[in-house]
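Read the figures in this text as sums done on the coordinates, not as results from a lab. Since the structure is predicted, the reported quantities are computational estimates derived from the model, not experimental observations. All Cβ positions, even for glycine, are placed from backbone atoms using ideal geometry, and neighbour counts span all protein chains on display.
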Amino acid sequence: MKRKRALLFFIIATLLITMTFSACRKDSTDTQTPDTSGKTPESSGTSKPASEGPVVITYYRPGVSRAVLTDWNDAVWVQELEKRLNIDIDFQGPATGDDYTSAAQIMLASGTLTDLFYFNFNQYDGGLAAAIEDGVAINIGEKYRDKVPNWFKILESDERIRRAVTLEDGTSALFCHVEEDLKRGAYWGSGIRQDWLDKLNLQKPTSIDELYSVLVAFKDQDPNGNGQKDEIPLCDYFIPGSNFMFAIMDIVSAFGMLYQEPQLDPYTGKVTYWILVNDGENFKKLVTTLNKWYMEGLLDPEFMSQDGTALDAKVANDLVGVTHIWPSNFNNYNRMLREKNPKATYVGLPALKGEDGIPYGPNSAMVRPAASTEGTVITTQAEKDGTIEKCLELINFMYSEEGTDIINWGVRGVSYDIDANGKKYWLPAVANDPEYTINDMVNKYALPTFGAWPKIMSYEAWASIELNTPESEEAHRLWAEADTRLLLPNLTLGASESSDYARIMNDVNTAIAENFIKFIIGTRPLDEVSDLVKQCKDMGLEKAMSYYQSAYDRYMSK
Amino acid sequence: MIQYGKKSLGSKIFDAFNTILLVIISIITIYPFIYVVFASFSDPSRLMAHRGVLWHPLGFTLGGYRLVFRSDDIINGYLVTAFLITVGTTCNMVMTTVFAYVLSKKNLLWNRALTIMVIITMYFSGGMIPKFMVVKSLGLYDSLWALILPNVISTFLLIILRTAIRGVPESLEESARLDGAGEITILVKIILPMIVPTLAALSLFTAVGYWNSWSEALIYIKTPDKYPLQLVLRTILIQNNATSQIATAGYSGYQREEYKRLMKYSTIVVSIVPVMCIYPFIQKYFTSGIMIGALKG
Amino acid sequence: MTRSEVHPNKSFKYKVVKDWRRNKPIYFLAMFGVIYYIIFHYLPMGGILMAFQRFKPNKGIFGSEWVGLQYFKDFFRGAYAGRVIRNTLIINLLDLIFGFPAPIIFALLLNEVGNKIFKRTVQTISYLPYFISQVVICGILLDFLSLNGLFNDIFTALGMERTAFMIYPQYFRGIYVASGIWQFMGYGAIIYLAALSSVDVQLYDAAVIDGCNRFQRVIHVTIPGIMPTIIIMMILRIGSMMSVGFEKIILLYNPSIYETSDVISSFVYRYGLLEGNYGYSTAVGLFNSVVNFTLLAITNKLSEKFTEVSLW
């Protein structure tokens, strides 16, 4: 027994010693980031004068983890930016999206800042204005306007962008993703099985009533040809944790309402919430219709309790007629179905018309020229570190034409080139890699997709990557035709209003969400809709909307 | 169980039922693991279309695993976690055992106060922000010790250990004291051998805790080289999530996109297998009885 | 005459000095643990004050604006405060009644197994679900519970109707508690197995000599042997009656079953999606802690009275 124990102790001791040793060794070497030349070891908060080598800028932002890229420093476009400006960016921050917010909040709350900091300031108590007041973000417009001319040129040239990214008093501190072309926003919507329509000799529906007949036909006439009436004409899923149901979201808008978002009333132009439109009449029509569809078996009975994998399984088993489509679905759904049935195709369905005869669109990205609540700020840390000049230079360059090309396309001659007509195209290194698809490979060289970086988004670059099937191109065109009058831009509430708003809306959303389902599945009679409307009003819904209304008024008067 | 003499009929019937019951329980509880293993080797499109019980892998592919091991980060992850487990578990067990020994002494005047002080911390906490500030001010930001020190004594385990120590007959301690043994000697030579099963169980919990941890590293560690294994896996998993809203339309070779779904399962298998390999060695310490008589004298 | 008789007024001070002299080495050992708790638990505890103020990092804890009980009022004023508290308590109660004994019974059953290999295999297998991430477990569960899922297949084979379990509120609590047993019974049993291993074999020998049969041995030796562990675990369990972890709830619930599934943590989580202020969640957390601690103290006192086992 004693011998055994001694042996065990010896083993543990050896393990400990080797581990500690290797950990210590790692400690001293880990400050060097992998590969590429010209890198000096970084530590948060030190900078070097330009004469000694590249200036180190610290940047806290979500990391990257893709098939071809796990470190921003390895991206060709980042390296190009660094080379041009003689800087070295030290990226900090966790790689995952959801966790990023909580980690970043702790950083901010504890006063641990980096020169550049990416954040969604709607998650900051008091918003961007408070961040400036608290000494976190620098008011660039006030102190360094002339150092970032490219950015302010954009603001001056486009009214909508200016309204979106500046605060009411004209303060500009946030550098965010800016859209070149608003129609890029129409990148999702609902989709339908074109081959089923063809088989049953039907036209693509453009209105709710037409959709109803199509759904009935799908249900009764066995378009998947297996002799069973197992089709699910309309299918949906929700993301655990949120109340969001996507196919429903697309249908709700036909009734002049936005699903669970403040919107503009289509009849009065005021800021309102879906259940209040037309004093609840539209909501009643919506749930009556959905209830009818549910009772007739046109809507998946589990539409509200199943997650994405269940929906995917049903799609893969050739059961689903209409559902919500993300751009990637045109590929993975269609390709998978075509393995067994070469004609199977999901195509985009345009925004449907309801009684009002207007195809209201549900996608607010269509009116938001900039991702204006989330972006990168230059923090007071940059002033302390002395890197403020370089930070301003970097930001300015990122919004220049040259910078835009580098971010969206990469390096000319390496990742892209320009043809005789002046059109840009991807070179084989990106497009024809034997191991990786173009969507994967492009990330090593450029960032043509939305990536939460300060940049001007190039529609062309994005389309060349994302709209690469005829179905997705057509769908995108159809979706972009939707009417945008319900949609609101990004608004920020005042500090004292936002907690009251959150308190009221949490209650309201809970009430609406559960009763919405109950009305649809019939466990609550439809004539009680007015009771629900009253309940929401009693909870303070109108007051909450008035907060939003003032935010909107302030926005429009900027 | 120790069998004394022949079994009665009732005893045998009980054994039969017990065995059947335990087998049923085993089947039910092993299913999630089997499902995960099968799914991790399955062809992704067939997996997508499948509902219900998985009786066998659907096709066979190593694609999911290849994606998981593609980056070198995994190796770093294993090394970091290995460090945390060896050094961390040792630190935890030493600190917790010593303090549990202190708390086990009922004749200590301040025993009650100390115990209450400790239990309060189980319920009241200032949250992550002040904790982060303390860690930062100690200079532990971005150090692996930030993943060990702030939780080096787990109050829950402390209580369990204290209960176990109190279970050791006082006569043993007294006779050792009469022989002139000091506190540490008593702790090491008398108490520890008597609570081996509990020590084994708690070491297991602590080690598994380190193995599974990722949320603290998210906040305290900024150098990706120092991410523990689970954080590396989680990063790979979430960023490659095929249902994420960032458009990732595929071209030829689209199947690579599909393999990302498998990663959800491959990462779990990669996490479990090493634990299950070592587990049997620790298990025997808390599943077999100890003979107090044999240790005496 | 003893010292305390000569100086009766100084008996407390006398006790302190005597205790210190006698237990000096113990106090030395205690020092490390105490320092740990002070640095990493008591120092940060000031963060609790954030429940009463609009915390601003540059102003720090003592400079930020005080809002008093505002967040508490916000929470309790809400239309659903009562419901989420009730759901939290009911789920925990069900879990206490069904989930708490499960690992104990399982450990006892395992203990009765003679074949070492069978025993260890079953124990290892039972521990496995603990390692499977909550996301995957809930995914499997939702799949089994769906209209065409495994459970409905079994029920129709037994002649019952197909039910969509996750759209009607009455099933949720049972599903939650039963799946919890499935996930954690094996893990929870380890503590009890360790306690069982520590029972002195000689007690069994003595019982046999006194004529106990197998089952009497369980009742008179085994169970009393692990009773302190059971009681401590039960006290601690009651001390978390106000806490239901939000991750599993979020992964399983949907609006049609909010009635029984929406608990304090999931409700606060949805609030947090609307606004990023710490005050609200810290306040609710503080309320939870106070109630939990009170329950703990009461249970501890009762346990002290009726059994001799208590936390302090």
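Overview of values
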| item | result |
| --- | --- |
| Computed lengthening from C:ARG237 to C:GLU304, 0.36 nm per intervening residue step minus Cα-Cα distance | 22.5 nm |
| Antiparallel bridge percentage (DSSP; both residues within chain A; nearest 5) | 60 percent |
| Sites excluded, chymotrypsin sites (Phe, Trp or Tyr not before Pro) in DSSP loops with at most 12 other C-beta within 10 Å, longest stretch of chain B | B:61-297 |
| Of all DSSP beta bridges in the protein assembly as shown, antiparallel share, percent nearest 5 | 60 percent |
| A:SER207 long-range amide H proximity, modeled H, under 5 Å | A:LYS353 |
| For the protein assembly as shown, alpha-carbon Rg relative to the globular expectation (2.2 N^0.38 Å, N residues) | 0.99 |
| The stretch A:153-266: C-alpha gyration tensor shape, a/c 1.5 cut-off, then a/b vs b/c | prolate |
| Projected-area mean, chain A, by convex hull of Cα positions, square nanometres | 33.8 nm² |
| Chain A - percent relative contact order, Cα under 8 Å, separation 6 or more | 22 percent |
| Loop trypsin sites (Lys or Arg not before Pro), the stretch A:292-367, which have at most 12 other Cβ atoms in a 10 Å radius of their Cβ (DSSP) | A:LYS343 |
| Electrostatic dipole magnitude of the stretch C:86-306 [Cβ: Lys, Arg +1; Asp, Glu -1; Cα centre; debye, to 20] | 240 debye |
| Diffusion constant of the stretch C:86-306 at 10 °C, which comes from Stokes-Einstein with the Kirkwood Cα-pair radius and 1.306 mPa s, µm²/s | 79 µm²/s |
| Along chain C, longest interval not containing exposed GluC sites (Glu not before Pro), exposed being DSSP loop plus at most 11 other Cβ atoms within 10 Å | C:1-160 |
| Hz values of 3J(HN,Hα) by residue in the stretch A:298-314 - Karplus curve (6.51, -1.76, 1.60), Gly and Pro given as x | 8, 10, 3, x, 9, 4, 9, 10, 10, 9, x, 5, 5, 4, 4, 5, 5 |
| Under DSSP loop assignment and at most 16 Cβ neighbours within 10 Å, longest trypsin sites (Lys or Arg not before Pro)-free interval of chain C | C:163-312 |
| Given charges at Cβ of Lys, Arg, Asp, Glu: the protein assembly as shown dipole, positive-most of C:TYR269, A:THR272, B:THR81 | B:THR81 |
| Relative contact order for the stretch C:86-306, counting Cα pairs under 8 Å that sit 6 or more residues apart, in percent | 29 percent |
| Protection proxy ranking, peptides A:541-548, B:179-186, average beta carbon neighbours within 10 Å, highest first | A:541-548, B:179-186 |
| Mean residue ellipticity (222 nm) of chain B, computed from DSSP H runs ≥ 4 via -39,500 (n - 2.57), nearest 500 | -20000 deg cm²/dmol |
| Amide H within-cut-off set for A:VAL55, under 5 Å, with H built and near neighbours excluded | A:ILE87, A:ASP88 |
| Alpha carbon centroid spacing (whole Å) that separates the stretch A:321-366 from the stretch C:24-49 | 60 Å |
| Placed amide H near A:ALA370: partners under 5 Å, 5+ positions off or other chain | A:GLU179 |
| HN-Hα J in Hz across the stretch A:117-124 - Karplus 6.51, -1.76, 1.60, θ = phi - 60°, x for Gly and Pro | 9, 9, 7, 9, 6, 5, 8, 9 |
| Residue-by-residue Karplus 3J(HN,Hα) for the stretch C:62-77, coefficients 6.51, -1.76, 1.60, Hz, glycine and proline x | 8, x, 6, 5, 8, 10, x, 8, 3, 5, 5, 4, 3, 5, 6, 6 |
| Electrostatic dipole magnitude of the protein assembly as shown [Cβ: Lys, Arg +1; Asp, Glu -1; Cα centre; debye, to 20] | 5520 debye |
| Alpha-carbon centroids, the stretch C:149-169 and the stretch B:29-88: separation in whole Å | 30 Å |
| Loop-resident sites, the stretch A:396-485, for trypsin sites (Lys or Arg not before Pro), counting at most 13 other Cβ within 10 Å (DSSP) | A:LYS423 |
